[in-house]
Amino acid sequence: MKVSVVKNILQANDRIADLNKQLFDEKQILTINVMSSPGAGKTSLIERTIVELKNDYRIGVIEGDIQSTQDAEKIAATEVPVVQINTGGACHLDGNMIRETLGQFNLDEIDLLIVENVGNLVCPAEFRMGEDFKIMLLSVPEGDDKPLKYPLMFHEASVLLINKMDLLPYVSCSPERIRQESLKINPALTIFEISATGDHGLYDWYDWLRQKISIKKMS
Amino acid sequence: MHELSIINNIIEIILAELPKYNISRVRAISLRIGEMRQVIPEAMQLGFECLAKNSPLEGAELIIEKVPIAGYCQNCGKKFRLNDWSQKCPQCSCERMEIISGKELEIVEFEGS
Ligand SMILES: Nc1nc2c(ncn2[C@@H]2O[C@H](COP(=O)(O)OP(=O)(O)O)[C@@H](O)[C@H]2O)c(=O)[nH]1
Ligand SMILES: [Mg+2]
Ligand SMILES: [Zn+2]
Ligand SMILES: [Zn+2]
């Protein structure tokens, strides 16, 4: 017997992601999903962003990176609420993992929810969690061929942060090429060149984020 | 191996369908997967054989139809099949191509008794 079904393989995840999105919209929480390969600078960027914005906005963080609880401890030092997800070795976060942490936040007292995804350039792009924006980091030591190798992530991201610009003199990488290749894949991509451990370009990123938070507050 | 989570989702969906049709053994599952997903068919079949063991899906064949990447040019309004993600419009060579297919990840049919 043949059975025709036509089902989206990721339907179970998409359904939960939609529920999360509804909740974030209702509570006017701007949610960003931060993705990159391991070591590209997600935790560093998140720490800097918290320090810059925490006097103006109420921030919550979900840590999914698998490097034990080190990242969560760094974030906890900034005194914003942080929940560590134990992915049990999974290579990405999904809608349900996020859903299960939400009970640990007071969602009425959060303006910005930052999710640090597992370091991986493939599957995090496939699993929605109900976020407003996917933010991708690519650090210059990783090289400028990444948009061609991992196009889905560049296609799904709203913002690309080219990180570790301070290392540019020491590596062979052209940020201009990254820019061109990724804009071909995703013409609407917003790109900032930054140093998450310096000051380079961070103010443009903070401004982008402030603007999106205030738009969400008015929605 | 992002194939593994895709396979787990396929198995869950089919298992939930079986009682409706009184099927106890699945022989084949047809999928449509867009080229943008970068799924490797051999990895899919191999992963499936592992994860479907001791279930009604054990031994089933995955029949994968690859859906090519296609784009719509926002400048000249024409639709084209694209060789890769970053191709310019073949007609007017502008870069404002909107992807209209190639991201599919669907189960279309399964067969069993
Ligand atoms: N030189 C330099 N190092 C950086 C920069 N951003 C992060 N790092 C370093 O890169 C390493 C990995 O950073 P981390 O934030 O943990 O990356 P994650 O794995 O993506 O969370 C750490 O040693 C950081 O200090 C940067 O802009 N410049
Ligand atoms: Mg980290
Ligand atoms: Zn994964
Ligand atoms: Zn055209």
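Remarks
- Pair list, Cβ under 6 Å, 6 or more apart: region A:31-44 residue at positive phi, other residue more than 9 Å from ligand 2 (Cβ to nearest atom) and among the hydroxyl-bearing types (Ser, Thr, Tyr): A:Gly41/A:Ser139
Condition check ((1) within 17 Å of A:Met136 (Cα to Cα); (2) at pLDDT 95 or above) across all residues:
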{"site": "A:Ile191", "(1), (2)": "yes, yes"}
{"site": "A:Ile194", "(1), (2)": "yes, yes"}
{"site": "A:Ile215", "(1), (2)": "no, yes"}
{"site": "A:Met218", "(1), (2)": "no, no"}
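- Those residues of region A:42-60 which are surrounded by fewer than 21 Cβ atoms within 10 Å (Cβ to Cβ) and under 28 Å from A:Leu152 (Cβ atoms), in sequence order: A:Ser44, A:Glu47
- Residue match in region A:83-92 (condition: under 24 Å from A:Arg210 (Cβ atoms) and within 15 Å of the chain's Cα centre (by Cα)): no
- Hits in region B:40-62 - residues which are surrounded by fewer than 16 Cβ atoms within 10 Å (Cβ to Cβ) and either under 30 Å from B:Met97 (Cα atoms) or in contact with a Ser or Thr (Cβ under 8 Å, 6 or more places away or on another chain) (or both): B:Ile40, B:Pro41
- Looking across region A:1-19, the residues that are open to solvent by 70 Å² or more (accessible area, probe 1.4 Å) and more than 7 Å from chain B (Cβ to nearest Cβ) come down to A:Arg15, A:Asp18, A:Leu19.
- Of the residues B:Gly71, B:Gly77, B:Gly47, the single one that is more than 10 Å from chain A (Cβ to nearest Cβ), touching a residue at least 24 places away in the same chain (Cβ under 8 Å), of a type outside the set (S, T, N, Q) and within 16 Å of ligand 4 (Cβ to nearest atom) is B:Gly71.
- Region B:83-105, residues that are away from ligand 3 (no atom under 16 Å from the Cβ), among the aliphatic types (A, V, I, L, M) and either more than 11 Å from chain A (Cβ to nearest Cβ) or in contact (Cβ under 8 Å) with a residue 60 or more places away in the chain (or both): B:Ile99, B:Ile100
- Qualifying residue in region A:61-72 (condition: on the phi > 0 side of the Ramachandran plot, open to solvent by less than 80 Å² (accessible area, probe 1.4 Å), in a loop (DSSP other than H, G, I, E, B) and more than 14 Å from chain B (Cβ to nearest Cβ)): yes
The values are calculated or read from the model by the stated rules, or taken from the named source; none is laboratory data. As the structure is a computational prediction, the values presented were derived from the model and not from experiment. Glycine also receives a Cβ, built like all others from the backbone with ideal geometry; neighbour counts cover every protein chain displayed. Surface areas here come from the heavy atoms of the whole protein model, side chains and all, with no ligands, DNA or RNA. Shrake-Rupley method; radii C 1.70, N 1.55, O 1.52, S 1.80 Å.
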